[in-house]
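Working notes for the structure below.
The values are calculated or read from the model by the stated rules, or taken from the named source; none is laboratory data. What you see is a predicted model, and the numbers here were worked out from it, not measured in a lab. Cβ sites come from the backbone with ideal geometry, for glycine too, and all protein chains shown count toward neighbours. Side chains included, ligands, DNA and RNA excluded: accessible areas come from the protein's heavy atoms. Shrake-Rupley method; radii C 1.70, N 1.55, O 1.52, S 1.80 Å.
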Amino acid sequence: MMDSPVPAATTDQRPLRMGDIAPDFQARSTLGPVKLSDYRGRWLVFFSHPADFTPVCTSEFVAIARAAEAFAALDCGLLGLSVDSLYSHLAWVRAIRDGFDVTIPFPIVEDPSMAIGRAYGMIDADSADSSAVRATYFIDPDGVIRAMTWYPLNVGRSVEEMLRMVAALQRTAGDDVLAPEGWRPGGDLLATAPQDQQAVLAGHDMAWFHRTQADAG
């Protein structure tokens, strides 16, 4: 097994937040050795699941695999993780292929020591297992965590929302625009509110703080 440079989280470690650099690690996966920093230069969705061979996790992985080309079109990598061993991951991948005619095209990292999960806050430092973990980290090309979502054991994530999140983060990354509720590529954006009194007083009604504009990007 490859050693992971990521230490286990301690009880006094500050939880990861948006804007933090995603902790690097190196580990075995279903597609060979993986190092998180190898994804620098492109977007990455890094997501954990409670366990292999479970109903909700299987539904998620089948759906994510079927959407892999859509993530690739956004130049976004996919990386899964659970505390299960590499051998369990490989057996599960085969069962998914045989049962759903779907091949998982992205790596699934093993984390039997829970070191990676604890470093990311996916698993409580005092927890004996990972049964409540279903976390997703949206990481930008510089390795910065731009968004996080958390779901309970009994509720699956929305792959459509994962794609929407990546697209919205990318669209608003460098421009002075905001993505409104439910925004999808091609939809209207919001202009940022003015930051000085003159500009505010020059506006009318609510236009100065809620002004839509066609997406010219």
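Things worth noting here:
- The range 24-56 - residue that is assigned to a loop (DSSP other than H, G, I, E, B) and buried (at least 17 other Cβ atoms within 10 Å of the Cβ) and, of those, nearest to the chain's Cα centre (by Cα): 49
- Residue in the range 72-86 that is over 17 Å from residue 33 (Cα atoms) and crowded, with 19+ Cβ neighbours inside 10 Å present: yes
- Test: residue 116 is modelled with pLDDT of 90 or more, β-branched (Val, Ile, Thr), assigned to a helix (DSSP H, G or I) and at negative phi: yes
- Qualifying residue in the range 61-78 (condition: part of a loop (DSSP other than H, G, I, E, B), at negative phi and of a type outside the set (Val, Ile, Thr)): yes
- Taking the criterion of being out of contact with any strand residue (DSSP E or B) (no Cβ under 8 Å at 6 or more places or on another chain), open to solvent by less than 70 Å² (accessible area, probe 1.4 Å) and of a type in the set (D, E, K, R), the only residue of the range 162-188 that qualifies is 164.
- Scanning the range 108-124 for residues that are out of contact with any Pro (no Cβ under 9 Å at 6 or more places or on another chain) and either crowded, with 19+ Cβ neighbours inside 10 Å or of a type in the set (A, V, I, L, M) (or both) gives 108, 109, 110, 111, 114, 117, 122, 123.
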